[in-house]
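Colleague: Have a look at this one.
Read the figures in this text as sums done on the coordinates, not as results from a lab. This one's a predicted model, so the numbers in the text were calculated from it and none came from an experiment. Ideal geometry is used to build each Cβ from the backbone, glycine not excepted, and the neighbour counts take in all protein chains shown.
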Amino acid sequence: RFATAARRSAETAAQLEGSNKYGIGVSKAQGIVKGLTGAIGNTPLIRLNHISDATGCEVLGKAEFMNPGGSIKDRAALYVVKDAEEKGLLKPGGTVIEGTAGNTGIGLAHVCRSKGYNLVIYMPNTQSQGKIDLLRLLGAEVYPVPAVPFDNPENYNHQAKRHAERLDNAVWTNQFDNIANRKAHIETTGPEIWYQTKGKVDAFTCATGTGGTLAGVTRYLKTASDGKVKCFLADPPGSVLHSYISSGGKLVERAGSSITEGIGQGRVTDNLQPDVDLLDGSLHISDERSIEMVYRCLDEEGLYLGASSCLNVAAAEEVAKKVGKGNTVVTVLCDGAYRYADRLFSKKWLSEKKLLDAVPEHLKKYIVL
Ligand code: PMP
């Protein structure tokens, strides 16, 4: 009797296409995956109900905060390690070395632990003790080094590269210019979006750090749709890419900064370069808009998201208005707010950044720190 009931419930689950009779998603429940790396990707595509209803579009967010390391960067971490293995640069017991202050380090730490590699992380010493502690407890050897610009040989990226050159069976994964990063999104994120929307996607937008996500997803969706899906960069203050794309390729000096961590770029990386001409345009999103969206996503959608995710949602809302009613717009929910709560929900921090007024009056009740 149990077997019959189980079979019937499996059939019902299959018929319900992604959610059970309570509306609870089953898209993550696909049977057994092999180890931590098998749990990376295949994230749900969440309909942002309020924004969708208000714009008359289907505005969908790819729930990357549901990856085991808590961010989109788990995908790139897995791919740069797999790439090094396939090229014979990394053998059992080897060492992965990367320059990162954020999610890539956490993704790499999980992937390296699960595969038995050592991990060495270089980061600017301006980063919080919390980040250093987390990477160390995940098994990484962490070197905080002076925060100097990229053209200085002591910059954390160059130090990571030199460390790998000194060591046998070690690889500098070089997330910015290693195109295994964009490949992760050509082979996983892009196809997942296409499959989940059954090919009914009209536009895509997201911000860039390394450019892997934007380039990889854009490449896949443009190819799958014969160029029909419109793809847009979403760019924060202090990044040069918005002006680069809007001016048709003029690179200006980097000026200003943003509170959105993990995104914004001063150059066209090797990950972005092959696909930059495929983009249909670019949107500049202010910190005020990103912060407003942090609070709106929490209040309206129940989503507790980091600032880069909310910049993406703000951009998706703009794209929805641009492409018009009846269209489907997809963006990326890169990570959750957990690692940023002491800033995003702190009255003192918001005041220091002159962003207190960006929080709508009726949502100020969420400023509890
Ligand atoms: N959001 C967050 C929070 C990130 O850490 C990153 C990666 N630095 C991104 C967005 C951007 O992703 P990508 O590197 O693929 O451009």
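Colleague: Quick one: Phe65, Phe345, Phe150, fewest Cβ neighbours within 10 Å first, how do they rank?
Modeller: Phe150, Phe345, Phe65
Colleague: Let me ask another. In the Gaussian network model of the chain, springs joining C-alpha atoms below 10 Å, which of Asn67, Asn178, Asn155 carries the largest mean-square fluctuation?
Modeller: Asn155
Colleague: With +1 on each Lys and Arg Cβ and -1 on each Asp and Glu Cβ, how big is the dipole of segment 74-230 about its Cα centre, in debye rounded to the nearest 20?
Modeller: Its charge dipole is roughly 440 debye.
Colleague: Among Trp349, Trp194, what is the fewest-to-most ranking by other Cβ atoms within 10 Å?
Modeller: Arranged by neighbour count, lowest to highest, Trp349, Trp194 become Trp349, Trp194.
Colleague: Answer with one residue from Leu45, Ala184, Cys231: the one whose Cα lies farthest towards the positive end of the charge dipole of the chain, charges on Cβ with Lys, Arg +1 and Asp, Glu -1.
Modeller: It is Leu45, whose Cα lies furthest towards the positive end.
Colleague: Considering only Val323, Val240, Val59, give the residue with the highest GNM mean-square fluctuation for the chain, with springs between Cα atoms whenever their separation is below 10 Å.
Modeller: Highest fluctuation among the options: Val323.
Colleague: Would you mind checking which residues have amide H under 5 Å from Ala337's amide H? H placed 1.01 Å from N; only 5 or more apart, or other chain.
Modeller: Sorted by chain and number, the residues that satisfy this are Leu305, Gly306.
Colleague: Compute the separation of the alpha-carbon centres of segment 256-308 and segment 346-365 and state it in Å as a whole number.
Modeller: For segment 256-308 versus segment 346-365, the Cα centre distance is 19 Å.
Colleague: Please report, in debye to the nearest 20, how large the charge dipole of the chain is about its Cα centre when each Lys and Arg carries +1 at its beta carbon and each Asp and Glu carries -1 there.
Modeller: Computed charge dipole of the chain: roughly 860 debye.
Colleague: On full extension of the chain, what length is gained from Glu352 through Tyr338, given 0.36 nm per residue of separation minus the C-alpha to C-alpha distance?
Modeller: 3.0 nm
Colleague: Please report the relative contact order for the chain, taking Cα pairs under 8 Å with a sequence separation of at least 6, and give it as a percent rounded to a whole number.
Modeller: Answer for the chain is 17 percent.
Colleague: Okay, moving on. Give me the distance between the Cα centres of segment 132-192 and segment 73-126, rounded to whole Å.
Modeller: 7 Å
Colleague: Now, a different point. Where is the GNM fluctuation largest for the chain (alpha-carbon springs, 10 angstrom cutoff): Ala215, Ala207, Ala39?
Modeller: Result: Ala39 has the largest fluctuation of those listed.
Colleague: Sort 249-257, 331-339, 276-284 by packing, meaning the average of other beta carbons within 10 Å per residue, with the highest value first.
Modeller: Final packing ranking: 331-339, 276-284, 249-257.
Colleague: Going by how many other beta carbons lie within 10 Å of each one, how would you line up Thr55, Thr37, Thr205, fewest first?
Modeller: Thr37, Thr55, Thr205
Colleague: Additional query: Residues with amide H under 5 Å of Phe204's amide H, sequence separation 5 or more or different chain, H placed in the peptide plane at 1.01 Å from N; which?
Modeller: Lys230, Cys231, Phe232, Val330
Colleague: Might you report the magnitude of the Cβ-based charge dipole of segment 254-332 about its Cα centre, with Lys and Arg at +1 and Asp and Glu at -1, to the nearest 20 debye?
Modeller: Using Cβ point charges on Lys, Arg, Asp and Glu, segment 254-332 gives about 160 debye.
Colleague: Hey, what do the phi angles of segment 129-134 turn into as Karplus ³J(HN,Hα) couplings, whole Hz, using 6.51/-1.76/1.60 and θ = phi - 60°, x for Gly and Pro?
Modeller: 4, x, 5, 4, 4, 4
Colleague: Mind listing the long-range amide H neighbours of Val145? Cut-off is under 5 Å, sequence gap 5 or more, other chains count too, H placed in the peptide plane at 1.01 Å from N.
Modeller: Under 5 Å from the amide H of Val145 lie the amide H atoms of Met123, Asn125, each far enough along the sequence or on another chain.
Colleague: Continuing with this model, one more query. Tabulate in residue order the Karplus-calculated ³J(HN,Hα) for segment 353-358, using 6.51 cos²θ - 1.76 cosθ + 1.60 with θ = phi - 60°, rounded to whole Hz; enter x for Gly and Pro.
Modeller: Values per residue, Gly and Pro as x: 8, 6, 10, 4, 6, 6 Hz.
Colleague: For every helix of n ≥ 4 consecutive DSSP H residues, a contribution of -39,500 (n - 2.57) applies; sum these over the chain, divide by its total residues, and give [θ] at 222 nm rounded to the nearest 500 deg cm²/dmol.
Modeller: The helix-only estimate for the chain comes to -10500 deg cm²/dmol at 222 nm.
Colleague: On to the next question. Hey, what do the phi angles of segment 309-315 turn into as Karplus ³J(HN,Hα) couplings, whole Hz, using 6.51/-1.76/1.60 and θ = phi - 60°, x for Gly and Pro?
Modeller: Rounded to whole hertz, the list is 4, 6, 4, 4, 5, 4, 5.
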